[in-house]
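Visitor: Handing you this structure, nothing more for now.
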Amino acid sequence: MRTLIRGARVFDGARTLAGADILIDDDRIAEPDGQRVDVEIDGTGRTVLPGLIDAHTHVFDGTLAQALSYGVTTELDMNCMPLNLARQRRLAAARDDVADLRSSGIVATALNGHPTQVWNWLDPETIAQLGDAVGDFDTVASADQATEWVQARVAEGVDYVNLTRP
């Protein structure tokens, strides 16, 4: 399928072009070539830009769809409990109406480090409502523990690791 967007303002990440035409040929952005198109869209007064990346999120049910509605095509989750992460990954893999997801899985922290203090502020009812989104955080106090912890996250298939400090 070929779609042509005519006369849009285009921001390519470095500069803005006024009144540009954009051809989308199947799943690729291409130079307009004058050939037949299946759909033509008037882009006058509109802006086309690359998908945004939110570099620090905490994903929950509904947040991937909400992100995409604001132009965020990729979320980088910085702490996600295993059951929630598995559910969100399945969603992102199966649907194109939600943002893509990358995650560190569960965070490691120093003794009494962030985000453990947050859970101390929550009442038991709120913790129960959050369900598997709340959990115990691994404490890493030595290089050996850090190596072990990173190896466990890699085995879980995380995209990167998140180590916090007090």
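We did not get these values from a lab; they are worked out from the coordinates using the rules stated. Bear in mind that the values here come from a model prediction, so they are computed numbers and not experimental data. Cβ: placed from backbone, ideal geometry, glycine included. Neighbour counts: every protein chain shown.
Visitor: Is there a quick way to get the dipole size of segment 1-82? I mean about its Cα centre, with the Cβ of Lys and Arg at +1 and of Asp and Glu at -1; what is the value in debye to the nearest 20?
Guide: Details: 7 positive and 14 negative charges, 63 e Å.
Charge dipole, segment 1-82, about its Cα centre: 300 debye, nearest 20.
Visitor: Could you give log10 I(q)/I(0) at q = 0.09, 0.13 Å⁻¹ for the chain, computed by the Debye formula over C-alpha point scatterers of equal weight, without solvent?
Guide: For the chain, the Cα-only Debye profile gives -0.46, -0.77.
Visitor: May I pose another question? Ignoring everything except DSSP H segments at least 4 long, calculate the 222 nm mean residue ellipticity for the chain; use -39,500 (n - 2.57) per segment, divide by total residues, nearest 500. It would help to have the intermediate numbers written out before the result.
Guide: Working: 5 runs with 47 residues, N = 166.
Taking each H run of at least 4 residues, the total per residue is -8000 deg cm²/dmol.
Visitor: Along Cα→Cβ, 7 Å out, is where each label goes; now give me the distance between the ones at Ile41 and Glu125 in nm to one decimal.
Guide: 4.6
Visitor: Local charge sum around Arg6 (other residues, Cβ-Cβ under 10 Å, Lys/Arg +1, Asp/Glu -1)? Before the final figure, lay out each step's value.
Guide: On the way: positive: none; negative: Asp21, Glu40, Asp42.
Residues near Arg6 contribute -3 overall.
Visitor: Moving on to the next point. Quick one: dipole size for segment 52-103, taken about the Cα centre, charges +1 on Lys/Arg Cβ and -1 on Asp/Glu Cβ, in debye to the nearest 20.
Guide: Using only the charged Cβ atoms, the result is roughly 200 debye.
Visitor: In what sequence, highest mean first, do 27-39, 79-91, 98-110 appear when ranked by Cβ atoms within 10 angstrom?
Guide: Numbers: 27-39: 10.0, 79-91: 17.9, 98-110: 20.6.
So the peptides 27-39, 79-91, 98-110, ranked by packing, come out 98-110, 79-91, 27-39.
Visitor: In square nanometres and to one decimal, what's the mean projected area of the convex hull around the Cα atoms of segment 1-82?
Guide: On the way: hull surface 28.1 nm².
Spelled out: convex hull of the Cα atoms, projected over all directions, averaged, 7.0 nm².
Visitor: Also, I was wondering about something else. Would you mind pulling out the separation of the Cα centroids of segment 83-102 and segment 1-54, in Å?
Guide: Taking the Cα centre of each part, segment 83-102 and segment 1-54 sit 27 Å apart.
Visitor: Please give the net charge around Val150, taking every other residue with its beta carbon less than 14 angstrom from that of Val150, where Lys and Arg add +1 and Asp and Glu add -1. Please report the intermediate quantities before stating the final value.
Guide: Values: positive: Arg153; negative: Asp138, Asp144, Glu148, Glu156, Asp159.
That works out to -4.
Visitor: Dipole size in debye (nearest 20) for the chain around its Cα centre, Lys and Arg Cβ +1, Asp and Glu Cβ -1?
Guide: Values: 14 positive and 26 negative charges, 61 e Å.
Value, rounded to 20: 300 debye.
Visitor: Right, next: Got a sec to turn the phi values of segment 53-70 into Karplus ³J(HN,Hα) couplings, 6.51 cos²θ - 1.76 cosθ + 1.60 with θ = phi - 60°, whole Hz, x for Gly and Pro?
Guide: Karplus-based 3J(HN,Hα) across segment 53-70 equals 10, 8, 8, 8, 10, 10, 7, 9, 3, x, 6, 5, 5, 4, 4, 4, 5, 9 Hz.
Visitor: Report for the chain the percent antiparallel among DSSP-assigned beta bridges with both residues inside it, nearest 5.
Guide: Values: 10 of 27 bridges.
Around 35 percent antiparallel, to the nearest 5.
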